[in-house]
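Below: one structure, written as structure tokens.
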Amino acid sequence: SPRDGRFIEIVGRYNPQTDPSTIDLDETKITDWIAKGAQPTEPVARLIKAA
């Protein structure tokens, strides 16, 4: 969820309640945001590596 206000852009979804957990990421959008200076949190960085 957004910290202060609306989402800027949704770049993926994670559902830990499925077996196995479902990770659906748009790697192009993630790469673009990181190139613009975005810094993923440690948990998000682990999800990116797991995808």
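Here are the numbers for this structure:
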{"read-out": "Value of [θ]222 nm, deg cm²/dmol, for the chain, DSSP H segments ≥ 4, -39500 (n - 2.57) each, nearest 500", "value": "-10000 deg cm²/dmol"}
{"read-out": "Taking the C-alpha atoms of the chain, convex hull volume expressed per residue in Å³", "value": "90"}
{"read-out": "Counted charge near Ala50, where neighbours are those whose Cβ lies closer than 14 Å (Asp, Glu -1; Lys, Arg +1)", "value": "0"}
{"read-out": "Fewest-first ranking of Glu42, Glu27, using other Cβ atoms within 10 Å as the exposure measure", "value": "Glu42, Glu27"}
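Every number in this text was worked out from the coordinates using simple rules, so none of it is lab data. Remember, it's a predicted structure, so these values are computed and weren't measured experimentally. Ideal geometry is used to build each Cβ from the backbone, glycine not excepted, and the neighbour counts take in all protein chains shown.
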